[in-house]
1. Output the relative contact order of the chain, whole-number percent, from Cα pairs under 8 angstrom with separation of 6+ residues.
2. Which of the GluC sites (Glu not before Pro) across the range 153-237 are loop residues per DSSP, with 14 or fewer other Cβ within 10 Å?
3. Stretch residue 36-residue 208 to full length: gain in nm at 0.36 nm per residue minus the Cα-Cα span?
4. Amide H of residue 133 versus every other amide H placed in the peptide plane: which residues, excluding those fewer than 5 positions away on the same chain, fall under 5 Å?
5. Between residue 168 and residue 188, what is the label-to-label distance in nm when each label sits 7 Å out along the Cα-to-Cβ direction?
6. Using a 1.4 angstrom probe with every protein chain in place, what is the largest-first accessible-area order of 17, 97?
7. In whole percent, and with a 1.4 Å probe on the protein chains, what portion of the accessible area of the chain is carbon and sulfur?
8. Can you work out the FRET efficiency for the pair residue 107 and residue 219, with r the C-beta to C-beta distance and R0 = 30 Å, to the nearest 0.05?
Amino acid sequence: MERRRQPLAPGGGSGWLSRAGGHVLVVAASATWAVDAGSGSVQAGGAGVAVVRGDRLVDLQGSSRTLLLGADGSGTAVADGQVQLLAPDDGSAPDVLVVEGSDGSLERRLRGVDATSGEVLWERPADGMASTNRLLLDGILYGSGDRGRLWAVDALSGEERWSSQGGVLDDYRLMTDGVHLLRVERDARSGDPVLAAYALASGRPAWTTPLPPGVDSVWTQGGILYGHGEDGAVVLR
């Protein structure tokens, strides 16, 4: 087995490793370095280096600026705002990055930008949507606002496909089973937590079901729905 030794910038201290796309990320207290998994060469380094949309390197420089470094770290374009990490992301619309930033006022804006040049392809009000994750499936970007409104927009054009008013939120986490958007809400009558489903195609309410006794939060991992409560984690079917 061939071994390579690659010096990094001094003063980084100890850290940990993770694999993302074709990169190995070396994460330390002061900075993160992206190393080519094949050659061992350092591709990028900085406090905000991350891998997004499969294999693209970016450097998140606060909330107002993102360097678009490309897959090999050589890119120099800049996007105004902070690139959003989409979860889940099925890889559709691969040349678009979703960025959130300010328009110079107090209003936050959500933008679709060209992943290489940073050119703004579309822009719309963020509508308080920073409080929840966004999902990208089949070229459609899904999310929700602080007041429970769900929405879907075309990731390439920014055209709104639908918007729908949901129930009272109990958890801002947005999930999917591939057919519905899922999230935990409060039952309008009892106030108990329920799992609510909305159709991906239209945003129409599909069903709600009470959470098991003692379960107060829900998340998905590896296609499995988990719940957590007083007795620890459980698998929900």
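The values are calculated or read from the model by the stated rules, or taken from the named source; none is laboratory data. All figures in this text were calculated on a predicted structure; none of them were measured in a lab. A quick note on method: Cβ atoms are made from the backbone with ideal geometry, for glycine too, and the neighbour counts reach across all protein chains shown. Surface accessibility is based on the protein's heavy atoms, side chains included, excluding ligands, DNA and RNA. Shrake-Rupley method; radii C 1.70, N 1.55, O 1.52, S 1.80 Å.
1. Numbers: 549 pairs, mean separation 18.8, N = 237.
That works out to 8 percent.
2. Details: sites: 159, 160, 185, 230; in loops: 159, 230.
Hits after loop and neighbour filter: 159, 230.
3. Extra length available between residue 36 and residue 208 comes to 57.3 nm.
4. Amide H neighbours of residue 133: 174.
5. Between residue 168 and residue 188, the simple spin-label model gives 1.2 nm.
6. Details: 17 120, 97 0 Å².
So, going from the largest accessible area down, we get 17, 97.
7. Working: 6270 of 12490 Å².
Result for the chain: 50 percent of the exposed heavy-atom area is carbon or sulfur.
8. Numbers: r = 31 Å, r/R0 = 1.02.
About 0.45, to the nearest 0.05.
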